[in-house]
1. Using the structure shown, decide if residue 63 is surrounded by fewer than 19 Cβ atoms within 10 Å (Cβ to Cβ), touching a Gly at 6+ places or on another chain (Cβ under 9 Å), over 17 Å from residue 196 (Cα atoms) and at pLDDT below 95.
2. Which one of these does residue 254 not meet: (1) crowded, with 22+ Cβ neighbours inside 10 Å; (2) of a type in the set (A, V, I, L, M, F, W, C); (3) not in a strand (DSSP E or B)?
3. Would you be able to say whether some residue in the stretch 87-100 is under 24 Å from residue 22 (Cα atoms) and at pLDDT below 95?
4. With respect to residue 86, determine if the residue is more than 24 Å from residue 145 (Cα to Cα) and under 22 Å from the mean Cα position of the chain (by Cα).
5. Can you name every residue in the stretch 216-251 that is in a loop (DSSP other than H, G, I, E, B), small (Gly, Ala, Ser) and touching a residue at least 24 places away in the same chain (Cβ under 8 Å)?
6. Run down 273, 213 and say which single residue is farther than 30 Å from residue 21 by Cα and assigned to a strand (DSSP E or B).
7. In the stretch 177-219, which residues are assigned by TED's automatic domain parsing to the domain that holds residue 268 and under 15 Å from the mean Cα position of the chain (by Cα)?
8. Please list, ordered by first then second residue, the pairs with beta carbon atoms under 8 Å, 6 or more apart or interchain, first in the stretch 66-88 and assigned by TED's automatic domain parsing to the domain that holds residue 103, second polar (S, T, N, Q).
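The values are calculated or read from the model by the stated rules, or taken from the named source; none is laboratory data. This is a predicted model, so every value here is computed, not measured. Counting neighbours? That spans all protein chains shown, and the Cβs are built from the backbone with ideal geometry, glycine included.
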Amino acid sequence: MTKVSLLPDRVVCKIGGAERQDFLQNLLTNNLERVSQTRAIYTLLQTPQGKYLFDFFIVEQDGHYLIDCDRDAAPELLKRLMFYKLRADVTLASMGDDWVVGAIWDTETSSEAGQVDVFHDGLRFNDPRLSALGQRFMVPAALADAALSIGEASTPQDYDAHRIALAVPGAQDLIADKTFPMEANLDLLNAIDFQKGCFVGQEVTSRTHRKGQVRKRIVTVRAAADLPAPHTAVMAGERQAGELLSSSGSQGLALLRLDRLDNPLTADEIAVQPSLPSWLSDAATDGTQT
């Protein structure tokens, strides 16, 4: 049955101005030429050293871009974009509590990633990261109840459990200025266009992609009991294999070394079993580990 939930940890921001596309094209990892009123993308803003800073979704509406981003990170994201703005004809603003973000899952969707349609005076789009995630929407707050009527009312925690089961990281799993996007599978989740022109951090990101030097990735882990707190070390005997990230009961996400996935693993003496969905297992065995 179709499930739907608001995501209160997300917020909508608006980017306008005649130079908005060129401005973002020079900064972000994905290709802004793909963004339109009928297609959304998922993208990153990195450090010059190729580390994660922010991730968000972008779609066009009425001559401006709407961005679905982490609520806590939004002020710093807008501040960082303002730093890069200089004299470009670009406007930046948060929609605050006037708009809401939500997710729809366990539903039938078209196969086209990022496909957009009008939805209660806002927008609904297929999640461009992974089709199994379902859809996302951004609508005026006054129409939130109407948007929720599309399916069974669920909670943000329900959505997190769905996301974690698919090994897809959320904002809480991505540490600014520390996480490398490919370790977080963001290259496999359509956040990076390796064919586009320059973006911040491109040199490091492209070199890592070419050489296939990804030793660690975020994977789903499961246990017979509730998992310990985030950042608990995951051990392979006496050697650390990685650390836990977010969790939902007995399943969670962990950043683990790929060459230690076949070893018995524990976290705070609890046995944990890594599990890779097909979209990730192919990457983990295609020579990306060194």
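1. Values: surrounded by fewer than 19 Cβ atoms within 10 Å (Cβ to Cβ): yes; touching a Gly at 6+ places or on another chain (Cβ under 9 Å): yes; over 17 Å from residue 196 (Cα atoms): yes; at pLDDT below 95: yes.
Considered against the rule, which asks whether it is surrounded by fewer than 19 Cβ atoms within 10 Å (Cβ to Cβ), touching a Gly at 6+ places or on another chain (Cβ under 9 Å), over 17 Å from residue 196 (Cα atoms) and at pLDDT below 95, residue 63 comes out as yes.
2. (3) is the only condition that residue 254 fails.
3. Yes: the stretch 87-100 contains one or more residues that are under 24 Å from residue 22 (Cα atoms) and at pLDDT below 95.
4. no
5. Selection gives 223, 224, 225, 237, 249, 250.
6. None of the others qualify; the one that does is 273.
7. Those that are assigned by TED's automatic domain parsing to the domain that holds residue 268 and under 15 Å from the mean Cα position of the chain (by Cα): 217, 218, 219.
8. Matching pairs, first to second residue: 74/94; 75/94; 78/94.
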